[in-house]
Amino acid sequence: MPSIYQLKRVDFIFKDEKDWKEILKNSLNRPANELINELISSELKGRGGAGFPTGLKWKLTAEEEEHTKYVICNADEGEPGTFKDREILSKVPLKVLTSMAVCGHVIRSNMGYIYLRGEYFFLQPELKKSIKEFEDYCREINFDFSIRIFMGSGAYICGEETALFESMEGKRGEPRNKPPFPSTYGYMGKPTVINNVETLAHTYTIFEYGAKRNFPEVDGTSNLSPHLRAGTIGIRTILGELKKARGQATPAQAASCEVFLNELIWREFYLQVLHNFPHVTRGAFRPEYDKLQWSVNQQHFQAWCQGRTGFPIVDAAMRCLNGTGTMHNRLRMITAMFLTKDLLINWQWGERYFMQQLVDGDMAANNGGWQWSAGTGTDAAPYFRIFNPVTQGQKFDAEGKFVRRWIPELAAFPDDLIHQPWENPLLLAKSKYPERIVAHAEQRMKCLAMFKKVK
């Protein structure tokens, strides 16, 4: 009988892959070093015999300046009684393909290969269908990455990864001398990342939490903030449980634990800021920004409060806040930045309104978040970070599910217009949804000019 840990690990790998498009798109929008650091912090090691750290393997290959690089999935399992590659590629192939593409993004490669065990020839038809579906989506989002199947010889010659390269190059499948290592000299003498099927399946799950926690329509957060605010649970209790979970976690789960811990650290950081710099309760962390000439347009402010600015992701977020007393963290950043950098209204107005509405309203976290968004706080690269509300909506609510839930008057709009309904004036007029109250491109320039005056 398998242990409880083994059962959990299997369930974890074979969990539904229906969100692969969101995971891929979100990961491709993240910096390579951020993804590498997430992998390294997960402590994921190759699920083969050598156990080399996956994050380090990706990092070393990414650092190579060579123009041509490769991503290879080793699906040549040959250990007696082992069929995990077969099961993974049969049931969740898109997880493996997604991880290969993310690796390509990280190391700057546009070519991947699956080295498939010769006895698994029967997997080819369905695997090719999955690859076609995957490559079609990559073209749709303008990501250049192709995957090809390379059939193995039917003998276990690839227990050592360089022997696999030799086999792919038409040579005897014998190990090469090292160094050089595959990160420098791999397939066809080019820098190559090679991971086996199970490793890539785990890698997908590591990036899954990092992606899902940013999507407001996905239940991907802990929902603990109201309890922390009300005192129904303490930070030490959470940290204690997190430590236990970290100790029992798979590598993919461990990465999620690290991300969650970082969110808790931000909370503590803002408490320290409030304690050591109490002037933030009355003005900007950086006093020079108290001289900013903010707009006092009450109509714009009321439109923002009521969710009637004409920018769907902003309005849906504000209607959600007014209706539930809660707001997803990604939406807090979007709405706060819209108020301060599109409407050019003082962050303190928004800070006050949030405290009046949020069931988890916390002075330190709310103040710190608003000053981060406004560009007046502790951040090293402040005022020129300006979110585009349209692209934020397209990125984190691509199908418009969250927007349609809170703005039913936009239900008839297609996905490609749901975040910019003004592109169809006739349908917009029929919907009774308001026109944009500002033009983002114009307001962005005004914002930059406003900040430069006090620099």
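What follows is calculated from the coordinates using simple rules that are stated; it is not laboratory data. Being a predicted model, the structure only gives us computed values, none of them experimental. Cβ coordinates were reconstructed from backbone atoms using ideal geometry, including for glycine residues, and neighbour counts include every protein chain displayed.
FRET efficiency for the pair PHE122 and GLU66, taken as 1/(1 + (r/R0)^6) with r the Cβ-Cβ distance and R0 = 56 Å, rounds to 0.95. Each principal axis of the Cα cloud of the stretch 96-168 was evaluated for its coordinate range; sorted largest first, these ranges are 38, 27, 15 Å.
Arranged from fewest to most other beta-carbon atoms within 10 Å of their beta carbon, PHE413, PHE150, PHE83 become PHE83, PHE150, PHE413. For the chain, the longest principal axis of the alpha carbon atoms and the long axis of helix 32-42 meet at an angle near 70°.
Across the chain, the relative contact order, built from alpha-carbon pairs under 8 Å that are at least six residues apart, equals 14 percent. The charge dipole of the chain, taken about its Cα centre with unit charges on the Cβ of Lys, Arg, Asp and Glu (plus for the first two, minus for the last two), comes to roughly 1040 debye.
Among the listed values (i) 1.00; (ii) 0.95; (iii) 1.02, the one matching Rg/Rh (Cα atoms, Kirkwood Rh) as calculated from this structure is (iii). Between helix 363-374 and the chain there is an angle of about 80 degrees, using the helix long axis and the longest principal axis of the Cα atoms. Beta bridges from DSSP with both residues in the chain: antiparallel share about 5 percent, rounded to the nearest 5. With a cut-off of at most 13 other beta carbons within 10 Å, and DSSP calling the residue loop, which GluC sites (Glu not before Pro) in the stretch 382-455 qualify? Please list them. Sites meeting the loop and neighbour criteria: GLU399, GLU435.
As a rough footprinting exposure proxy, the listed residues ILE88, ILE147, ILE206, ILE313 were ranked by other beta carbons within 10 Å of their own, and the order from fewest upward is ILE88, ILE147, ILE206, ILE313.
Here is how the number arises for the chain: DSSP H runs of 4 or more residues each give -39500 (n - 2.57), the sum is divided by the residue count, and the result at 222 nm is -16000 deg cm²/dmol. What the Cα convex hull of the stretch 309-455 gives, in volume per residue, is 103 Å³. How far, in degrees from 0 to 90, does helix 312-324 lean away from the longest principal axis of the Cα atoms of the chain, to the nearest 10? The answer is roughly 70 degrees. Is the shape of the stretch 4-211 best called rounded, prolate or oblate, per the rule: a/c under 1.5 gives rounded, else a/b larger than b/c gives prolate, else oblate, with a ≥ b ≥ c the square roots of the Cα gyration tensor eigenvalues? Rounded, since a/c falls under 1.5.
By other beta-carbon atoms within 10 Å, ranking TYR353, TYR115, TYR204 with the fewest at the front produces TYR353, TYR115, TYR204.
The modelled label-to-label distance for the pair ASN110/SER153, using points 7 Å beyond Cα in the direction of Cβ, is 3.3 nm.
Amide H to amide H distances under 5 Å link PHE150 with ILE114, TYR115, LEU116, where only residues 5 or more positions off or on other chains count and H is placed in the peptide plane.
Please state the Cα pair-distance histogram of the stretch 216-278 with 10 angstrom bins from zero: what percent is in each bin? Whole-percent P(r) values from 0 Å outward: 18, 46, 30, 6, 0. Using 19 Å as the Cα-Cα cut-off, could you pick out the over-long pairs in LYS45/LYS129; LYS57/LYS243; LYS59/LYS132; LYS25/LYS132; LYS341/LYS446? With Cα atoms farther than 19 Å apart: LYS45/LYS129; LYS57/LYS243; LYS59/LYS132.
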